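Taking it in order: structure first as structure tokens, then the write-up.
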Amino acid sequence: AQDHVGRRARGAAAAFRATAGANDVAAGFTAYLAARLRCAPAAVISPDLRTRLTTAGIPKDLAARTVAAVDALVAARYGSAGHGTAATTTAALVDTLERAFMEADV
């Protein structure tokens, strides 16, 4: 009950799903990753994201897909095409990440 950061991490997927219909999918996804990585959302958008994900127990291929999704969502925020595609695949990616984080937590 005293592990507020842990509760935030375990509830991250539900929090993402609750905001999935919002216009800023990038903010929701980075907030999800921040909760799971136990850091501030701004710290997610970083060159070392892949390393931080693999250190947290996420397989390398999934970490690479996650970094690509973050990059696509951030680019879409600033006017790049493809926002709809990135937003659609992000929800499925969260489900896959959630399974990987749960396996790593065991």
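Could you run through the stretch 40-53 and say how many residues are open to solvent by 20 Å² or more (accessible area, probe 1.4 Å) and in contact with a Leu (Cβ under 9 Å, 6 or more places away or on another chain)?
Result for the stretch 40-53: 3.
Answer yes or no as to whether residue 52 is modelled with pLDDT of 95 or more and either out of contact with any strand residue (DSSP E or B) (no Cβ under 6 Å at 6 or more places or on another chain) or assigned to a helix (DSSP H, G or I) (or both).
For residue 52, the condition - modelled with pLDDT of 95 or more and either out of contact with any strand residue (DSSP E or B) (no Cβ under 6 Å at 6 or more places or on another chain) or assigned to a helix (DSSP H, G or I) (or both) - is met.
The values are calculated or read from the model by the stated rules, or taken from the named source; none is laboratory data. Note that this is a predicted model, so its numbers are computed, not measured. When we count neighbours, we look across all protein chains shown, and the Cβ atoms used for this are built from the backbone with ideal geometry, even at glycine. Accessible surface is based on the protein model in full, side chains and every heavy atom, while ligands, DNA and RNA are left aside. Shrake-Rupley method; radii C 1.70, N 1.55, O 1.52, S 1.80 Å.
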